[in-house]
Amino acid sequence: MKKIGVSILGLGVVGGGAYKILTQHREFYQRTQDVDIVVESVLEKNRARALALGVPEERIASNIAEVVFDPDVNIVVEVIGGVEDAREYVLAALNAGKTVVTSNKELVCKFSHELERAAKRHNAGLYFEASCVGGVPIIRTLLDGVQANRISSMMGIINGTTNYILTKMTKEGTTYEEALADAQRLGFAEADPTADVEGYDAAYKLSILSSLAFHTKVPLAKVFREGIAGVDKEDIGHGNSLGYELKLLAVGKQSEAGIEVRVHPAFVRKEHPLANVDGSFNAVFLTGDSVGEVMLYGRGAGELPTGSAVVSDIIYAATHNENKYSTFKNTATADKDVKFVTDFSSAYYLRLNVSDRPGVLAKIASQFGKYGVSIDKLVQAQGAGDKATVILITHETHELSLKNAVAKLDALEIAEVKTVLRVAS
Ligand code: HSE
């Protein structure tokens, strides 16, 4: 039976999960995959953590050179996170001809061109299923499951922390601050939650996934990004009563107009399958020209779910003689002839504070009309004194037209625009 030696760099949440799965399932893989996968070493500064996981003392490496020059190591697993050390270690492993499996979305998003070049030069594999959407096999699906299709759209909830926060605000009516504190207490959100709540984490993942889905490099700089930190529970409540759930959506579209990639909060109709993806769960909804609609749903983070993705890559690499690389020209920047849509179209939700007197709504509708923005729904929510809260849902319109109409309303002092949120179509 073929024996494959693995070294794991980093025994944090994901590394620990991968270690547990590999050691507990070793015989299962011998039987089902006809391969004996052995953890030859781990590189972990915190020796106590390694020992607590059951790693034999002699298998704790002291430096990266010990790992990459070990002839018994075929596959190096990078799960330390961050980009500086990780990039150096991954390049060292690839340059030594070792196949690399990584869960590092920032590294893959920013440096996949450099890593892939090194991998090809040294006939090594480079696999990163665990970098996007934890245990959900979205990368394998894009590469090996729906590759018959031209993908026109990808819409996903690809960050568990923000989905946990928005679900809590929706179901329990808590404020953003309360929900974030709860997510931190439960270990979903980090002490510095910026990467999750400002949408960076989702933007890294969307850059990787849309490059694979659309077969062209989609650099991070092309991903429009807006986080959830400003979200007000009042808007979630108004949206709910109109039949919507608020989600941090990652949207990738490809059409004749070009490629459109964006991460932002958006209202999703309650009937849409993504509206029911709650808590720390993730999902990706794909539309292909032959298959139609496909949705993948599961845990986007966590020790064993993300460990599952890491180990699936290890097994893939261990059981395939040929390496599999990107299905596009993997460069640092996008191809010159690829167009990106910046003025995208969407429906919008607006919360306005207006003077409660005759003719005001007509003026608002007329201003929107001048900018080509058509109103789909209008609800006067409640009043306080001579002011009233008005909720508008527009038909699909260009973002720029909407912004111009909102600026004009503000300037004319007809209405104070409190909130603008996108509505997914
Ligand atoms: N922090 C991420 C999330 C998991 O909340 O989904 C790792 O990408």
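The values are calculated or read from the model by the stated rules, or taken from the named source; none is laboratory data. The structure displayed is predicted, hence computed values, not measured ones. Don't worry about glycine lacking a Cβ; one is built from the backbone with ideal geometry, like all the others, and counts go over all protein chains shown. Just the protein is used for accessible areas: all its heavy atoms, side chains included, with ligands, DNA and RNA removed. Shrake-Rupley method; radii C 1.70, N 1.55, O 1.52, S 1.80 Å.
Going through (1) within 16 Å of the ligand (Cβ to nearest atom); (2) open to solvent by 10 Å² or more (accessible area, probe 1.4 Å); (3) farther than 18 Å from LYS324 by Cα one by one, PHE128 falls short only on (3). Identify the residue in segment 198-214 that is crowded, with 24+ Cβ neighbours inside 10 Å and free of Cβ contacts under 8 Å to residues at least 60 places away in the same chain and, among all such residues, is farthest from the ligand (Cβ to nearest atom). Residue satisfying both the conditions and the ranking: SER210.
Within the span defined as segment 132-151, one or more residues are open to solvent by less than 20 Å² (accessible area, probe 1.4 Å), within 16 Å of the ligand (Cβ to nearest atom) and in a helix (DSSP H, G or I).
In a residue-by-residue description of segment 55-63, the property of being within 16 Å of the ligand (Cβ to nearest atom) and part of a loop (DSSP other than H, G, I, E, B) applies to no position.
Looking across segment 359-396, the residues that are over 23 Å from SER346 (Cβ atoms) and of a type in the set (D, E, K, R) come down to LYS363, ASP386, LYS387. Those strands (runs of 3 or more DSSP E) of segment 221-334 in which 2 or more residues are in contact with a His (Cβ under 9 Å, 6 or more places away or on another chain) and buried (at least 18 other Cβ atoms within 10 Å of the Cβ) occupy 244-255. Residues satisfying the criterion are absent from segment 372-390 (criterion: part of a strand (DSSP E or B), under 30 Å from SER153 (Cβ atoms) and in contact with a Lys or Arg (Cβ under 7 Å, 6 or more places away or on another chain)).
Note on segment 385-425: residues that are open to solvent by 70 Å² or more (accessible area, probe 1.4 Å) and not acidic (Asp, Glu) amount to 12. Summed over segment 375-384, residues that are in contact with a helix residue (DSSP H, G or I) (Cβ under 9 Å, 6 or more places away or on another chain) and surrounded by fewer than 14 Cβ atoms within 10 Å (Cβ to Cβ) total 2.
Conditions (1) touching a residue at least 12 places away in the same chain (Cβ under 8 Å); (2) more than 30 Å from ARG121 (Cβ to Cβ), marked per residue:
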{"residue": "LYS324", "(1), (2)": "yes, no"}
{"residue": "ALA332", "(1), (2)": "yes, no"}
{"residue": "ASP335", "(1), (2)": "yes, no"}
{"residue": "VAL354", "(1), (2)": "yes, yes"}
{"residue": "GLY369", "(1), (2)": "no, yes"}
{"residue": "ASP386", "(1), (2)": "yes, yes"}
{"residue": "THR394", "(1), (2)": "yes, yes"}
{"residue": "ALA405", "(1), (2)": "yes, yes"}
{"residue": "LYS408", "(1), (2)": "yes, yes"}
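All conditions but one from (1) within 16 Å of the ligand (Cβ to nearest atom); (2) of a type outside the set (A, V, I, L, M, F, W, C); (3) under 14 Å from LEU212 (Cβ atoms); (4) not assigned by TED's automatic domain parsing to the domain that holds ASP196 apply to GLY156; the one that does not is (4). Kindly indicate whether any position in segment 160-179 is touching a residue at least 60 places away in the same chain (Cβ under 8 Å), on the phi > 0 side of the Ramachandran plot and either away from the ligand (no atom under 16 Å from the Cβ) or open to solvent by less than 50 Å² (accessible area, probe 1.4 Å) (or both). There is at least one residue in segment 160-179 that is touching a residue at least 60 places away in the same chain (Cβ under 8 Å), on the phi > 0 side of the Ramachandran plot and either away from the ligand (no atom under 16 Å from the Cβ) or open to solvent by less than 50 Å² (accessible area, probe 1.4 Å) (or both). Which of the following residues is closer than 30 Å to GLY5 by Cβ and either in the same structural domain as GLY156 (by TED's automatic domain parsing) or touching a Pro at 6+ places or on another chain (Cβ under 9 Å) (or both): GLY279, GLY298? Residue meeting the stated conditions: GLY298. The residue list GLU78, GLU88 contains one member that is exposed (fewer than 14 other Cβ atoms within 10 Å of the Cβ) and modelled with pLDDT of 95 or more, which is GLU88.
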